[in-house]
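These notes concern the structure reproduced below.
Each value in this text was obtained by applying a stated rule to the coordinates, not by laboratory testing. Just so we're clear, the structure is a prediction, and the values are computed from it rather than from any experiment. Here the Cβ positions follow ideal geometry from the backbone for every residue, glycine too, while neighbour counts run over all protein chains shown.
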Amino acid sequence: MKLNTIDPRVVEIAGFAGFPVAWLCHEHVPNDWLNLEHQIRAAKLHDMDTIVRVAKGSYSDFVKPLEADATGIMVPHVTSADEARQIVEWARFHPLGKRPIDGGNADGQFCRAGTGDYLANGNQERFIILQIESPEGLAQVDAIAAVPGFDILHFGPGDFSHRIGQTFQPDHPEVRGARARIAKAARQHGKFAMSQPIAPFAELFAEGYQVISVGADVMGLNEYMDARLAHFYRNVPNP
């Protein structure tokens, strides 16, 4: 479930509902680091994993969610294998990368985790998602998928469709073709494929998608508010 709201209580509601993963955002949402840590902590209360979509910046923007104990990060708008390698270098410890160590944050149990466990957990139990959401990224998707050290390729249909002049047209042939090509590249290089519910689930699974974001909190809130207001007007005389 993608969360555009920043209240940790909404994360808890998703946990009570039984969602296994909460997708938090630091790219499009006016969130801050302390609140992200609270959201991640709320998810941990329900044994729920967290993905934080990061803002593209320095290595600090990539490692802070991991240090707050997020299960994974999602990096938007990846367009080349060189960029993919840079992301892995920033987000993985030696020997997979050059991520700086600390250990004094939640992911290191505030210096209570042994150094070996802290480093092994950072490389083995955290995942990295790279978003392909442009024609430039699609052109390099096989080279990107071949880069070792990351786990998931994510097709971003909104920005991709916008970039080709077919905004929010998920059935456009170029969008469908891009979706299938990204899933194929992920499978061929031992990565998982992820996307939003832009097609029937059976169709996405058949293409090779294994990770699906099934909706967003703001969409649910809109539907509920519209329904309650419509119910009110249907039942109040002379509104």
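What spacing in nm lies between the two simple spin-label points modelled at LEU96 and VAL214, each 7 Å away from Cα in the Cβ direction?
Computed distance between label sites LEU96 and VAL214 equals 2.8 nm.
Can you compute the helix-only [θ] at 222 nm over the chain? Use -39500 (n - 2.57) per DSSP H run of at least 4 residues, normalise by all residues, nearest 500 deg cm²/dmol.
Numbers: 11 runs with 111 residues, N = 239.
Mean residue ellipticity at 222 nm (helix-derived): -13500 deg cm²/dmol.
Decide, for the chain, between rounded, prolate and oblate: order the square roots of the alpha carbon gyration tensor eigenvalues as a ≥ b ≥ c, take rounded if a/c falls under 1.5, and otherwise choose prolate if a/b is larger than b/c, else oblate.
Oblate is the answer for the chain, as a/c is 1.5 or above yet b/c matches or exceeds a/b.
Which of rounded, prolate, oblate describes the stretch 192-239, given a ≥ b ≥ c as roots of the alpha-carbon gyration tensor eigenvalues and a/c under 1.5 marking rounded, otherwise prolate only if a/b is larger than b/c? Present the calculation step by step, with values, prior to reporting the outcome.
Details: a/c = 7.69, a/b = 3.65, b/c = 2.10.
In terms of gyration-tensor shape, prolate.
Given LYS64/LYS184; LYS2/LYS98; LYS98/LYS184; LYS2/LYS64, which pairs have Cα atoms separated by over 24 Å?
Numbers: LYS64/LYS184 31 Å; LYS2/LYS98 30 Å; LYS98/LYS184 29 Å; LYS2/LYS64 20 Å.
Going by Cα-Cα distance, LYS64/LYS184; LYS2/LYS98; LYS98/LYS184 fall outside the 24 Å limit.
Give me the net charge for the shell around GLY108: Cβ to Cβ below 10 angstrom, other residues only, Lys and Arg +1, Asp and Glu -1.
-4
Just want the ordering: LYS64, LYS98, from fewest to most Cβ atoms lying within 10 Å of their own Cβ.
Numbers: LYS64 18, LYS98 14.
So the ranking, lowest neighbour count to highest, is LYS98, LYS64.
Work out, step by step, the length gained on full extension between ALA106 and ALA139: first 0.36 nm times the residue separation, then minus their alpha carbon distance; give nm to one decimal.
Numbers: separation 33, 0.36 × 33 = 11.88 nm, distance 3.82 nm.
Fully extending the segment from ALA106 to ALA139 adds 8.1 nm.
Using alpha carbon centroids, what distance separates the stretch 122-192 and the stretch 22-56, in Å?
22 Å
Averaging sequence separations of C-alpha pairs under 8 Å and six or more residues apart, then dividing by the length of the stretch 136-239, give the relative contact order as a whole percent. Spell out each step's value before the answer.
On the way: 100 pairs, mean separation 24.4, N = 104.
Value for the stretch 136-239: 23 percent.
Classify the stretch 51-92 from the C-alpha gyration tensor, please: rounded if a/c falls under 1.5, else prolate or oblate depending on whether a/b exceeds b/c.
Details: a/c = 1.94, a/b = 1.65, b/c = 1.18.
Note, shape of the stretch 51-92 comes out prolate.
Please order SER195, SER134 by the number of other Cβ within 10 Å, starting at the fewest. Could the numbers behind the result be given before it?
Details: SER195 23, SER134 20.
Arranged by neighbour count, lowest to highest, SER195, SER134 become SER134, SER195.
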